Amino acid sequence: MARRKQGRRIKRKTQKETDTAAEAEPTDPRAFVFTKGKAPAALKALCNDLKSVMSPNTARALRAQKRNRLRDFVAVAGQLKVSFFLIFSNTAKASYLRLVRSPRGPTLTFRINAYTLASDLAATQRRPYSPGHGIWQSAPLLVLSDFDTETAHEKLTATMMQNLFPTIKVRTLNIAACRRVVLFHHRSESEGGGVELRQYVIKANTTNVSRGVKKLMRAGNKLPSLGKYTDIAEYMLKGGYSSESGGETDDEEKVQLPQDYVGRGATRGQQVGIKLREIGPRIRMELVKVQEGLCDGA
């Protein structure tokens, strides 16, 4: 039987289909936070606090070994899509924090003039706030205060700090993920100069609610003892508001929630008062050097 002659094969698919849209989608900025050289225990604790500030876009379990060099971090940064390094170091004169853009720079070196650990700040508060695991699962909101964009080094500092955190997409923003605020404040000469970092947690409290109603809301299904009251109204009105500002909140602090938020009574359409609770750390630092490359000469 004669063999059937086949025509010439035409290539119709030469490449594997890929989802280019997903590849082109930018990722949130990521950072390595670590110490370099010998560092005291307090500076290492500050490094761990700054990892919390940068969460969840940092490796909190990262530990720099003595044998590690900066080029080792640069080598793996590209694979892990890490674009920033925050490096703590210590000398006999002062402690320093370097903010580095990987892999080509620039590098900003800050001298740390003063700092307060999160644990030390909590020890000074009458009712310290204990952060839960949930607040570290989303990036904080960034606030830049009093940076002069007409001054070259202040503009560069503000840009570098702004790029540390992901941009806000207003149309798709889930406000329940907005749990923290990070503040970078440029101090004036009268305040001593430099840059100050602080971190706050956002609390949404129901407004115009008495202390008794708030106790009922916290109790859930468990009712309080009403034996010493003649009726429920006496319990509701006793004790006034939970604080001096609990009954009358400034209009600037009152918002109507467009979505459900975290907290009792913080539901969609509810009017709440927004409060900030500082959780630390605090860092006061001064810019001392700007380098074009990645730690050139360091």
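Values for this structure:
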| read-out | value |
| --- | --- |
| Given 44/254; 66/289; 81/155, the pairs whose alpha carbons are separated by over 29 Å | 44/254 |
| Using a Förster distance of 45 Å, the FRET efficiency for residue 91-residue 267 (Cβ separation, nearest 0.05) | 0.30 |
| Förster-model FRET efficiency, 41 Å R0, residue 155 and residue 228, C-beta, rounded to 0.05 | 0.05 |
| Full-stretch length increase - residue 48, residue 168 - with 0.36 nm per residue and alpha-carbon distance subtracted | 40.7 nm |
| Estimated distance in nm for a label pair at residue 148 and residue 104, the labels positioned 7 Å out from Cα along Cα-to-Cβ | 3.0 nm |
| Net lengthening on full extension, residue 181/residue 122 (0.36 nm per residue, minus Cα-Cα) | 19.5 nm |
| For peptides 108-116, 146-154, sequence by mean Cβ density within 10 Å, most packed first | 108-116, 146-154 |
| Per residue value of the accessible surface for the range 77-185 (all protein chains in place, 1.4 Å probe), Å² | 56 Å² |
| Potential lengthening between residue 60 and residue 72 on full extension [0.36 nm per residue; Cα-Cα distance subtracted] | 2.5 nm |
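The values are calculated or read from the model by the stated rules, or taken from the named source; none is laboratory data. What you see is a predicted model, and the numbers here were worked out from it, not measured in a lab. Here Cβ is always computed from backbone atoms with ideal geometry, including for glycine, and neighbour counts include all displayed protein chains. Ligands, DNA and RNA are excluded from the accessible area calculation, which covers all protein heavy atoms including side chains. Shrake-Rupley method; radii C 1.70, N 1.55, O 1.52, S 1.80 Å.
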